[in-house]
Amino acid sequence: MKSFIAICLGLGSIALAAVPGFDISHYQIGVDFAAAYSAGARFVIIKATEGTTYKDPIFSSHYNGATSAGLIRGGYHFAHPGSSSGATQANYFLANGGGWSGDGITLPGMLDLEGDCAGLSTSAMVSWIKDFSDTYHSKTGRYPLLYTNPSWWSSCTGGSSAFVNTNPLVLARYSSSAGTPPGGWPYYTIWQFNDRYQYGGDSDTFNGDLAGLKKLATG
């Protein structure tokens, strides 16, 4: 993952292409993966787990549908930092759909960070995220994507820059522009810019071309 981030950092202020995508969970029942692909989408991020007790009931169906449609796909874990350690939740995620393989069509897992700060101090939250991230990396050789919004990152981590060189940022900001990324990230890797998508879920865009997206998948 460091090599992927280093490549992107080297691009500096060069304008990149964009690749459409989307993200989904069990709330989206009738996702039309084939139509999404035909409309230009090339990736989807699918909810797999939450905390240490919840498995998305239609994760497998979504994952198989995405694969059949030719989409690059990956799973995500909704964090519950106040309920158990980062390592415990990373292992639960890995055991229930969140793994990664170098097949060229699997994204590294994504850690969904939103909601309240679970009663953790900013330093404790950074440690929790690092525990999750390091555990995921030790098992897969990849660092997970980190999904967050500027307000949460500022409030819950104190604007930490601890993950800039390891973890790609998935920025949640529903606006006409992405704005300044939080936490010292010089750019976002994926931007979730709308909570609606024509074929199901939320609208995302990858900050780069298709070759860059495939690089993120392959490592």
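Worth pointing out:
- Members of the stretch 4-44 that are among the polar types (S, T, N, Q), at pLDDT below 95 and either open to solvent by less than 60 Å² (accessible area, probe 1.4 Å) or at positive phi (or both): Q28
- Subset of the stretch 79-106 (residues that are within 20 Å of H26 (Cβ to Cβ), hydrophobic (A, V, I, L, M, F, W, C) and open to solvent by 50 Å² or more (accessible area, probe 1.4 Å)): A95
- Flag if Y199 is assigned to a strand (DSSP E or B) and touching a residue at least 12 places away in the same chain (Cβ under 8 Å): no
- Applying the criterion of being more than 20 Å from T140 (Cα to Cα) and touching a helix residue (DSSP H, G or I) at 6+ places or on another chain (Cβ under 6 Å) to the residues of the stretch 45-70, the residue that is surrounded by the most Cβ atoms within 10 Å (Cβ to Cβ) is A66.
- Within the stretch 132-144, not a single residue is open to solvent by 40 Å² or more (accessible area, probe 1.4 Å) and of a type in the set (F, W, Y).
- Taking the stretch 202-219 as the range and being part of a helix (DSSP H, G or I), touching a residue at least 12 places away in the same chain (Cβ under 8 Å) and open to solvent by 40 Å² or more (accessible area, probe 1.4 Å) as the test, the residues that pass are L210, K214, K215, T218.
The values are calculated or read from the model by the stated rules, or taken from the named source; none is laboratory data. Note that the structure is a prediction, hence the values are computed from the model and not measured. In this analysis, Cβ positions are derived from the backbone assuming ideal geometry, glycine residues included, and neighbour counts consider all displayed protein chains. With ligands, DNA and RNA removed, areas are computed over all heavy atoms of the protein, side chains included. Shrake-Rupley method; radii C 1.70, N 1.55, O 1.52, S 1.80 Å.
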